[in-house]
Amino acid sequence: MNFESELKKGNFIISECTNCQKIVWPPSEFCNQCFSEVSWRNASNHGKVVEFSKQNNDYFCIVEIENAVKIMGSVSNGIPNVGQRVKIDNCGMKGENYYFEISLI
Ligand SMILES: [Zn+2]
């Protein structure tokens, strides 16, 4: 599996070490702790807001997922707070960049 080709299709997958079970982020074929191979699986689509910012009228959040992965997403439904639970509704790639659309729950 390849992270970017899956993301293009709207599938958010993460790599998990087959030896030490660490979630490897940024995604990689090999564990950055013990250098074993990883296996790929779907990431949880729930996370929590770590940080947010406002640009014009849009809010953007850094969201932590499974206590390991941090992604940046745009918020579709209101004003986020640090610690708030969110859900990933959509993901993909725009050119070279990852994008995630999230909503507050
Ligand atoms: Zn490992």
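The values are calculated or read from the model by the stated rules, or taken from the named source; none is laboratory data. This structure is a prediction, so every number in the text was calculated from the model and none was measured. For neighbour counting, all protein chains shown are included, and Cβ atoms are generated from backbone atoms with ideal geometry for every residue, glycine included.
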- Query: Residue check: is Glu29 among the charged types (D, E, K, R) and touching a Phe, Trp or Tyr at 6+ places or on another chain (Cβ under 8 Å)?
  - Reply: no
- Message: So for the stretch 30-41 (the condition being modelled with pLDDT of 95 or more, of a type in the set (S, T, N, Q), within 16 Å of the ligand (Cβ to nearest atom) and crowded, with 16+ Cβ neighbours inside 10 Å), does at least one residue qualify?
- Response: no
- Item | Verdict on Lys54 being over 18 Å from Tyr98 (Cα atoms), in contact with a Gly (Cβ under 7 Å, 6 or more places away or on another chain) and of a type outside the set (Ser, Thr, Tyr) | no
- Item | Of all residues making up the stretch 52-105, the number that are in contact (Cβ under 8 Å) with a residue 24 or more places away in the chain and in contact with a Pro (Cβ under 8 Å, 6 or more places away or on another chain) | 4
- Message: Looking at the stretch 66-82, can you tell me whether even one residue there is farther than 18 Å from Asn97 by Cα and not in a loop (DSSP other than H, G, I, E, B)?
- Response: no
- Query: Yes or no: Glu16 crowded, with 16+ Cβ neighbours inside 10 Å and over 15 Å from Phe100 (Cβ atoms)?
  - Reply: yes
